[in-house]
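Below is one structure, written out as structure tokens, with a few remarks after it.
The values are calculated or read from the model by the stated rules, or taken from the named source; none is laboratory data. Since this is a predicted model, take the numbers as computed values, not measurements. Here Cβ is always computed from backbone atoms with ideal geometry, including for glycine, and neighbour counts include all displayed protein chains. Each accessible area value is taken on the protein alone, full model and side chains, heavy atoms only, with ligands, DNA and RNA left out. Shrake-Rupley method; radii C 1.70, N 1.55, O 1.52, S 1.80 Å.
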Amino acid sequence: MTEPGATPTNVAEDSAHVLVQAGVVHGDVNQYMTYADSPPERKFQAGVHFLDGGMPGRAWQLIQDAVAGGYRTNKVCFHWLLALVSGRTRYGLSKEEAAMLRNERNLFRLTGDDEWAEGVRTIRRLLDSAGRKEADTRVLLKELDELGEPQRAMILRHLEQFLDGPIAEQMWHRALSQAKREQMAGDRANRLWKFFEPAPLGLREQVVQQPNTPLGVYVRIVMATAVFLAATVHLGYMLVQGGRVIALLAYLSSIVGGYYGVRKGVEWRFRVLRRRAKDMEYGPPSASRSDGQPEGFAKRVDHRVDHYFAVYVPSGVDRELWLASTAGIRRSLRDELVEIYREKRVGVEKIDWLIRHRVGVVRRRWQAGTLWSYRGELATPLSTKAGTVLGLAASVAGGTWAVSEALLVAPLGAFFSTVLGLASGWLGVRAVLGVLLERRRFAADKRESMQTLDGDREALGQWRAKLADKPKDREMAVWLDCERKLVLDEVLKHYRLTMSNVIAHAFIEAPAPSTRRARVTGGPWRYRKYRLLAFLLTADGVRQLTVDLNFDEGAFRVRERSNYRFDMIAAVRVRQGDDGESIFELAIVDGQKISVQVMDPGTEVLQEGETPGAVSEVTLDASGLHYTLHVLEGIAAEGKEWLEHENRRGGERA
């Protein structure tokens, strides 16, 4: 099955009508969920997941809770240290946090020499070297390089910004090299899009309308049959009584011919009606699509069906011809899906795979020349038509002869029997014909429904297998961290800076307009397209770079570069709405304003077990907004003196 966004035909996607997906929540993953009564081990594991997911603020809270609960191991100490300093500078710690870092050796007693203990010792030596020019960087880096995975990778990812002095430059080069290696690792190009696909909705069989035959019809059939049999037997009795042997044989042959003709006629009539119904289904819709609310489920199914028919055009076929020829099929498919899946809790994105599959089936049938093959399959064979005509002709001829002979034997009795036989026979045949046609219709609909369901079931299995290697949230965070480092490298190169020239750097990760988003339960929103704001603080002022990141492809485009002095920052704030919307605003003295929507409105959609505000909090934590605000708010309040004050405050905390 083709994955979303694929274009089998030469279609300009920018002109295609693609709806923005409201948001996918993977409820089958609960690695972030904890409760007040969760054991310390569970809180620690959740804290590790938050740290891996790029949310050190929440990670620190949970790991600290686990430590307070008595859970202290080498592994806990390793993650406790990283969560405390991740994404922060040495001067960004509060007095309480700095005191806890100084007291860390008293809080944790290492046991043994496992890989986590070695990792803790390396972190301690690196932290001790921060700001010391006399530190032996070669020994420290050699010790770091000798660590195993994942300890080395985690230290490079989380400790890179905290260090300064001679070792900071070398740590940055190692972190950048690691980012370049891991940027597209894990088959990212073929897997990342799967994170934004919801778990497909299970199949539902289309309800085929049962044969709807009122009880009165069956009563009419019984009564008509009884009268017809009585009239028929009476006519035969009169022919026997009158000794009309040849006429009796003709009479019997008329009965046989009539039965045969009616039986063949039922087949003929069924084929005509079935073909007519198919023509109506496949033909142009006679009414405009007006059902469904403007933004309701039916309308969204409309858009998706139209979109995929516009994309999946058979090769060598004019698009306008394709769309015009399949207008009726589109309407039929849309009506079927709306009827089966129209519920408030069912989003169209959960049946997107089914729409693609059904459109693909139509395209393949078109290419194979079988889309209208039903017309040939339902065409009435000449033998059926001949059998109907000959059987009825024999019935009329034999019956006429028999009635004429019976009139000679008993005129009055033959007359009444003939009239009753014709009337009851006509009524009975019409009633039986309706019942038989309805049963044939139901059997045909059921057979088609089961064939369609079998194809859908196979497609569903293929789609689930395709999504089986969906990335974990940790992988998404690692890939995003790699992109962040590559953007930072771009800024350094553009301004001809080295990491030792940078006092601090910060990022804000915001969703690009009209992008798809997804998250796991308890985790932050991830986006297929980002708008990244990078801030570099140097002795000369602030360097800012705004880029658009295509997360699928791992490619970014620079939108804007800005430079301004510290005293040019007038105000920094975040406006938060009741609907979850968060907008970051940076005002410059000359009247310029930098504004970016960090969270879209309506993002606080909670799942079972989640608390109000939790989604916004972890998403803002992952976006880097908290630390960026801390830095820029300090500059806005104190100007360039903020650097001196931070150095002094940092010295006091060290």
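Please label the shape of the stretch 519-610 as rounded, prolate or oblate, based on the square roots a ≥ b ≥ c of the eigenvalues of the alpha-carbon gyration tensor (a/c under 1.5 means rounded; beyond that, a/b larger than b/c means prolate, else oblate). Walk me through the numbers on the way to the answer.
Values: a/c = 2.76, a/b = 1.56, b/c = 1.77.
Note, shape of the stretch 519-610 comes out oblate.
Trypsin sites (Lys or Arg not before Pro), restricted to the stretch 53-128: which are DSSP loop and have at most 14 other Cβ atoms within 10 Å?
Within the stretch 53-128, the qualifying trypsin sites (Lys or Arg not before Pro) (loop, at most 14 other Cβ atoms within 10 Å) are ARG109.
How high is the relative contact order of the chain, in percent, with contacts defined as C-alpha pairs under 8 Å that are six or more residues apart?
On the way: 881 pairs, mean separation 131.6, N = 654.
That works out to 20 percent.
Angle, helix 382-409 long axis vs. longest principal axis of the chain, Cα atoms, 0 to 90°, nearest 10?
30 degrees
Which of the lysines could a cross-linker bridge to LYS264, judged by Cα under 20 Å and excluding same-chain residues fewer than eight apart?
LYS385
Output the 0 to 90 degree angle, nearest 10, between the alpha-carbon long axis of helix 56-68 and the longest principal axis computed from the alpha carbons of the chain.
Value to nearest ten degrees: 80.
Determine the per residue accessible area of the chain with all protein chains present and a 1.4 angstrom probe, expressed in square angstrom.
Numbers: 31820 Å² over 654 residues.
Accessible area per residue: 49 Å².
Classify the chain as rounded, prolate or oblate, taking a ≥ b ≥ c as the square roots of the eigenvalues of its Cα gyration tensor: rounded when a/c is under 1.5, otherwise prolate if a/b is larger than b/c and oblate if not.
Numbers: a/c = 3.99, a/b = 3.28, b/c = 1.22.
Cα axes put the chain in the prolate bin.
Using helices alone, what [θ] at 222 nm do you get for the chain, with -39,500 (n - 2.57) per DSSP H run of 4 or more residues, divided over all residues and rounded to the nearest 500?
Working: 23 runs with 370 residues, N = 654.
Mean residue ellipticity, 222 nm, calculated: -19000 deg cm²/dmol.
Of all accessible surface on the chain at a 1.4 Å probe, what whole percent is carbon and sulfur?
Working: 17300 of 31820 Å².
Reported share for carbon and sulfur atoms: 54 percent.
Could you rank the peptides 23-30, 273-280 by their average count of other C-beta atoms within 10 Å per residue, with the highest value first?
Put in order of decreasing packing, that is 23-30, 273-280.
Report the net charge of residues surrounding GLU483, where surrounding means a beta-carbon distance below 14 angstrom and charges are Lys +1, Arg +1, Asp -1, Glu -1.
Values: positive: ARG157, LYS180, ARG181, ARG188, ARG484, LYS485, ARG526, ARG528, LYS529, ARG531, ARG557; negative: GLU182, GLU475, ASP481, ASP489, GLU490, GLU509, ASP548, ASP552, GLU553.
My count for the surroundings of GLU483 gives +2.
For LYS350, go through the aspartates and glutamates and keep the ones whose alpha-carbon is under 13 Å away, minus same-chain ones fewer than eight residues off.
GLU197
For LEU467, what is the net charge nearby, where nearby means another residue's Cβ is under 9 Å from its Cβ and Lys, Arg count +1, Asp, Glu -1?
Taking every other residue near LEU467 into account, the sum is +2.
Would you rank VAL266, VAL589 by solvent-accessible area, highest first, keeping every protein chain in place and using a 1.4 Å probe? Kindly include the intermediate steps, with their values, before the conclusion.
Numbers: VAL266 15, VAL589 90 Å².
Ranking VAL266, VAL589 by accessible area, largest first, yields VAL589, VAL266.
Which angle between 0 and 90 degrees, to the nearest 10, do you get for helix 641-653 versus the longest principal axis of the chain when only C-alpha atoms count?
On a 0 to 90 degree scale, this one is about 80.
Once you have a ≥ b ≥ c as the square roots of the Cα gyration tensor eigenvalues for the stretch 547-594, tell me rounded if a/c is under 1.5, and otherwise prolate or oblate according to whether a/b is larger than b/c. Don't jump to the answer; show the numbers that get you there.
Values: a/c = 3.70, a/b = 1.22, b/c = 3.03.
Verdict is oblate for the stretch 547-594.
Please give the solvent-accessible surface of LYS446 in Å², to the nearest 10, using a probe radius of 1.4 Å with every protein chain present.
Its accessible surface works out to 80 Å², give or take rounding.
Please compute the contact order of the stretch 429-581 in relative form: average sequence separation of alpha-carbon pairs under 8 Å and at least six residues apart, divided by the residue count, as a percent. Can you show the working numbers first?
On the way: 144 pairs, mean separation 20.6, N = 153.
Relative CO of the stretch 429-581 lands at 13 percent.
If the limit is 32 Å between Cα atoms, which of LYS299/LYS593; LYS485/LYS640; LYS180/LYS466 go over it? Provide the component values of the computation, followed by the final result.
Details: LYS299/LYS593 38 Å; LYS485/LYS640 26 Å; LYS180/LYS466 27 Å.
Table pairs above 32 Å Cα-Cα are LYS299/LYS593.
In the full protein assembly as shown, how much of MET238 is accessible to a 1.4 Å probe, in Å² to the nearest 10?
Taking all protein chains as shown, MET238 has close to 10 Å².
Taking the DSSP beta bridges in the chain as the whole, what percent of them are antiparallel, to the nearest 5?
Details: 42 of 45 bridges.
Antiparallel: roughly 95 percent of the beta bridges in the chain.
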